[in-house]
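Novice: Input: one structure, supplied below.
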Amino acid sequence: PGEWKAGEHYRYNLLIETDGKVWNYGIKSAMQEFSAPLDGNYRLEAWGGHGGRYRGDVDRPWHYDQPLGSYARGCKAMVANEKLYVCVGSKGTDKITGWGVTGVAGGTNPGGGNGGKGGNSRSNGFFPGAGGGAASDLRTAATAIPAGTNLDTNPSIDTRILVAGGAAAGGVGTDRADLATTAGFLTTAEGGTGGNGTSSTQEGSGGGGGGYRGGGGGASGRREAGRTGSSYVHPSLLTDPHIQEKVHCGDGQVRILLLPPAI
């Protein structure tokens, strides 16, 4: 309100409105497409799926708490109609009821980054391993990463700019997901299969989590946890990058937020 005066400078606070300044993505069987509605800075966030839990008997308590998925964040300047492709990973499968021999499946990511399968037991009297959680990611092209692809020698196939690793599946005793020492990172996006029990009295080990590089599966004959997949923020996402492990329970998630313009 008030008079306009010639030769004076006036400052305004502008609020840009658009339908849905926050976009949330859950798991689906295919990649999902995001198209920027206008020029601006967008915060990208991803959460990986949690790993499957393990217990040695249906009547006993869990050996340890739920293995939790990782979180990754970064900001990207985008122009109107620029596209990103969203791949949300699911949680790994628990092994909680009944005896069995075959390890259960890991979580899935529709573009590559599945959790590893649990290892087999040698006897129906002992449990197989649980499955690792899948990674969640955003990428610049709708290009899937075939299972088993060595990403160190085939980097051009990987268009992911943000990856939140999936959690490892659990093990027993001191071989917890945060203590496993024998399961390193792989050269693939998917987690490794858990090792099999090597005697009739051994359970299978847990699968590794999917990630920028998948976590290895637990060792054979050890009833060991796998390793959580690694997370990644591309160097171009320089504003507010952040990675944190062991923060997310459940299936993965991706969120895109249009930030308000700088005043």
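Novice: Determine the order of 86, 104 by accessible area, beginning with the largest, at a probe radius of 1.4 Å.
Specialist: Correct descending sequence by accessible area is 104, 86.
Novice: Read phi for every residue in the range 227-237 and hand back ³J(HN,Hα) as whole Hz from Karplus 6.51 cos²θ - 1.76 cosθ + 1.60, θ = phi - 60°, with x for Gly and Pro.
Specialist: 10, 4, x, 7, 9, 7, 10, 4, x, 6, 8
Novice: Give me, ordered by chain and number, the residues 5 or more places off residue 75 or on other chains with an amide H under 5 Å from its own placed amide H.
Specialist: 44, 238, 239
Novice: So, R0 is 25 Å and r is the distance between the beta-carbons of residue 33 and residue 102; what FRET efficiency does that work out to, to 0.05?
Specialist: Calculated value: 0.10.
Novice: State in Å² the accessible area per residue of the range 200-263; use a 1.4 Å probe, count heavy atoms of protein chains only, and round to the nearest integer.
Specialist: 43 Å²
Novice: Can you give the net charge of the other residues whose Cβ lies under 11 Å from the Cβ of residue 74, counting K and R as +1 and D and E as -1?
Specialist: Net local charge, residue 74 excluded: +1.
Novice: Also: Counting only protein heavy atoms and using a 1.4 Å probe, what share of the accessible area of the range 76-155 belongs to carbon plus sulfur, as a whole percent?
Specialist: The computed percentage sits at 51.
Novice: First measure r as the distance between the Cβ atoms of residue 240 and residue 23, then evaluate 1/(1 + (r/R0)^6) with R0 = 22 Å and state the FRET efficiency to the nearest 0.05.
Specialist: Step by step, r from the Cβ atoms, then E = 0.80.
Novice: What FRET efficiency comes out for the pair residue 41/residue 187, r = Cβ-Cβ distance, R0 = 30 Å, nearest 0.05?
Specialist: 0.35
Novice: First select every other residue whose beta carbon is under 14 angstrom from the beta carbon of residue 240; then total the charges, Lys and Arg +1, Asp and Glu -1.
Specialist: Charge balance in the 14 Å sphere: +3.
Novice: Next question. If amide hydrogens are placed 1.01 Å from N in the peptide plane, which non-local residues have theirs closer than 5 Å to the one on residue 161?
Specialist: The answer is 138, 139, 140.
Novice: With the full set of protein chains in place, find how many percent of the accessible area of the range 219-261 is carbon and sulfur; take the probe as 1.4 Å.
Specialist: In the range 219-261, the share of accessible area belonging to carbon and sulfur is 50 percent.
Novice: Right, another one. Starting from the Cα of residue 123, step 7 Å along the direction of its Cβ; do the same at residue 157; then give the gap between the two resulting points in nm.
Specialist: Rounded to a tenth, the inter-label distance reads 4.1 nm.
The values are calculated or read from the model by the stated rules, or taken from the named source; none is laboratory data. Because the structure is a prediction, the values reported are computed rather than measured. Glycine also receives a Cβ, built like all others from the backbone with ideal geometry; neighbour counts cover every protein chain displayed. For the accessible areas, the whole protein counts, side chains as well, though only heavy atoms, and no ligand, DNA or RNA atoms are used. Shrake-Rupley method; radii C 1.70, N 1.55, O 1.52, S 1.80 Å.
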